[in-house]
1. Condition (residue is outside any strand (DSSP E or B), within 16 Å of ligand 2 (Cβ to nearest atom) and surrounded by 19 or more Cβ atoms within 10 Å (Cβ to Cβ)) applied to segment A:70-82: is it met by at least one residue?
2. Among the residues of segment B:15-23, is there at least one that is within 14 Å of chain A (Cβ to nearest Cβ) and part of a helix (DSSP H, G or I)?
3. Looking at segment B:14-51, which of its residues are touching a Lys or Arg at 6+ places or on another chain (Cβ under 8 Å) and charged (D, E, K, R)?
4. Return a yes/no flag: does segment A:257-270 have any residue that is of a type in the set (A, V, I, L, M, F, W, C) and either in a helix (DSSP H, G or I) or over 26 Å from the mean Cα position of the chain (by Cα) (or both).
5. Would you check which residues across segment A:125-161 are more than 12 Å from ligand 1 (Cβ to nearest atom) and among the aliphatic types (A, V, I, L, M) and list them?
6. Whether any residue in segment B:30-47 is away from ligand 1 (no atom under 16 Å from the Cβ) and not in a loop (DSSP other than H, G, I, E, B) is what I want to check.
7. Among the residues of segment A:77-124 satisfying the criterion of being within 14 Å of chain B (Cβ to nearest Cβ) and without any contact (Cβ under 8 Å) to a residue 12 or more places away in the chain, which is nearest to ligand 1 (Cβ to nearest atom)?
8. Here are some residues: B:Gln79, B:Gln64, B:Gln87. Which one is away from ligand 1 (no atom under 16 Å from the Cβ), in contact with a strand residue (DSSP E or B) (Cβ under 8 Å, 6 or more places away or on another chain) and modelled with pLDDT of 95 or more?
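The values are calculated or read from the model by the stated rules, or taken from the named source; none is laboratory data. Here the structure is a predicted model, which means the values were calculated and not measured. Backbone-built Cβ (ideal geometry, glycine too); neighbour counts: all protein chains shown. Just the protein is used for accessible areas: all its heavy atoms, side chains included, with ligands, DNA and RNA removed. Shrake-Rupley method; radii C 1.70, N 1.55, O 1.52, S 1.80 Å.
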Amino acid sequence: MGREGLDLSDANKIVILGGGQAGAQAIQSLRMGGYEGALTLIGDEPSLPYQRPPLSKAYMKGEFAEERLFFKPAAWYEDNNVELILSTPATRIDRKNQTVEMAHGAHIEYDALVIATGSRPRSLPLEGADLENVHDLRGLTDVERIQPQMIEGRNIVIIGAGYIGLEAAAVARQMGLSATVLEMAPRVLARVTSPVMSEFYEAEHRRQGVDIRTNARLARLEGKDGKVTAAILEDGTSLPADLVLVGIGILPNEELANEAGIACNNGILVDRDARTSDPRIFAAGDCASRPLVHYGRSSRLESVHNAIEQGKLAAAAILGKPRPPEDCPWFWSDQYDLKLQIAGLSQGYDQIVLRGSPEERKFAAFYLKNGTLIAVDAVNSAPEFLASKKLIMMGAKVEPDTLSDTTVSMKDIAAAAAA
Amino acid sequence: MAKITYIDHDGTERVVEAKNGETVMEAAVKNSIPGIDADCGGACACATCHVYVDQAFMDKVGEQEEMEKSMLDFAENVQENSRLSCQITVSDELDGLRVTTPESQH
Ligand SMILES: Cc1cc2nc3c(=O)[nH]c(=O)nc-3n(C[C@H](O)[C@H](O)[C@H](O)COP(=O)(O)OP(=O)(O)OC[C@H]3O[C@@H](n4cnc5c(N)ncnc54)[C@H](O)[C@@H]3O)c2cc1C
Ligand code: FES
């Protein structure tokens, strides 16, 4: 299989750092892959590993039972002999002695280590950010604080119009709150998608009664008795706020790796096997910067698909198994009755082709570069999404006129490209 | 509660006690049933939880919504008893359900 790096197939002590999507996947893939040695998870959250997407969607709305968030029940970890060290931050990686140190002073040895520490929300660098009822939205404990305040008639101010901010705005409206979204950029989703999509989502949120303010310059948050009461813009506008959600992006949790001398550059640098510059140490998920084989560059990705795939890649590399497939990156977002499915990465596109109609709330925007399909944003359009995944992995060139022609099915387009 | 039998493409049967309210996908994942990837965790976004439902249960597993239908339209080896298992909610009525997993979810 031509894989580079140290043979770890006789590893007998594997430590996973961080029990999120990537860490949980690595654990499952190691055990399902036949690994029988010691397997320890060190995680700083109190709960069993869980999925985050519902936190800004059905779970936030109260329509999704907590136990459904957990990947596996507690008994699974027992049955599979996985030692869980929860509520415990790791504080240092000692590469020379191959140990991980934990906050309470103890340490644990490893033959192979998977860093899956994820990312953390960027904090708001403004006055008032530490007031009560100003929240991040990353973990279960955040939602436990936010949810009791999601009460009909209250004012929520959401800072940042990324996917998480907009999903939360949709939930807030569905729960009867007044919602305001403040975005510094001239359009919503500016960092992640094209103007066509931004326009569509902006119009949809306005129609649903969200007060979307782009080009908004937030000056500070104001409070009374330590609790937030208003968001003040630079032009003096005061927006009443009973609670504030901050969603202005994330930062990779790469510090432990960096301090241990592992190569990092906006993410822990890994190869196609999720291996870092230390051959015994792997990094997976939001914290890692990985080669994107379909795009000829490396980058961090913030998605469930990426975390799962890299968890699998790391486990396979440790066990000396063939490298699992590297899929084209994909993501989804649910807002109101709109399911957005994204395949590929649109950065660098030179042409957009629309298929279907935004008015009917069922359409796709295809992104081409030199005639090659590199990404799609598909709204309520599963075939467009699923076909594009395949087309992107093939590096297919597709005629814009064919893509926009809804009388030609996506199945036929994919079949023609494969022929 | 419902007893659900998952049959993999080799014919191996595995029986699981599923709780009411969880989905046929969740019951499988929590019990380490192979052949169901469920990458999106039940969001009807990935089509990697495809199963074939025993004919006798086709009218008990509920109707497909538009999104599921269009996802399945594109999956590999679809049959008329194909469903996304994350879109089937367990109830007493499903006791005895048998579903078969495809050879691959991709
Ligand atoms: C609200 C929300 C909605 C989302 N919606 C979607 C979606 O719809 N679709 C999609 O594809 N993606 C979505 N994402 C992104 C997706 O959830 C993440 O990309 C994914 O969780 C990344 O997995 P991970 O394992 O890298 O990190 P995480 O899941 O964040 O797990 C990292 C874990 O490591 C722990 N940790 C960090 N440092 C230490 C330390 N020093 N010691 C011990 N433990 C540590 C963290 O506390 C955390 O538990 C969403 C994210 C959020 C927050
Ligand atoms: S689990 Fe993703 S579609 Fe069913």
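1. To start, the set of residues in segment A:70-82 that are outside any strand (DSSP E or B) comprises A:71-82.
In the following step, the residues that additionally are within 16 Å of ligand 2 (Cβ to nearest atom) were identified as A:71-72.
Narrowing the set further to residues that are surrounded by 19 or more Cβ atoms within 10 Å (Cβ to Cβ) leaves A:71-72.
Yes, segment A:70-82 contains at least one residue that is outside any strand (DSSP E or B), within 16 Å of ligand 2 (Cβ to nearest atom) and surrounded by 19 or more Cβ atoms within 10 Å (Cβ to Cβ).
2. Among the residues of segment B:15-23, not one is within 14 Å of chain A (Cβ to nearest Cβ) and part of a helix (DSSP H, G or I), which makes the answer no.
3. Of everything in segment B:14-51, those that are touching a Lys or Arg at 6+ places or on another chain (Cβ under 8 Å) and charged (D, E, K, R) turn out to be B:Glu17, B:Glu22, B:Glu26, B:Lys30.
4. Yes: one or more hits.
5. A:Leu126, A:Ala129, A:Leu131, A:Val134, A:Met150, A:Ile151, A:Ile156, A:Val157, A:Ile158, A:Ile159, A:Ala161
6. The first filter runs over segment B:30-47 and keeps only residues away from ligand 1 (no atom under 16 Å from the Cβ), leaving B:30-36.
Now drop any that are not not in a loop (DSSP other than H, G, I, E, B), which leaves B:30.
Yes; the residues of segment B:30-47 include at least one that is away from ligand 1 (no atom under 16 Å from the Cβ) and not in a loop (DSSP other than H, G, I, E, B).
7. Filtering segment A:77-124 for residues that are within 14 Å of chain B (Cβ to nearest Cβ) and without any contact (Cβ under 8 Å) to a residue 12 or more places away in the chain, the one nearest to ligand 1 (Cβ to nearest atom) comes out as A:Glu78.
8. Details: B:Gln79 fails: modelled with pLDDT of 95 or more; B:Gln64 fails: modelled with pLDDT of 95 or more.
Unique residue meeting the criteria: B:Gln87.
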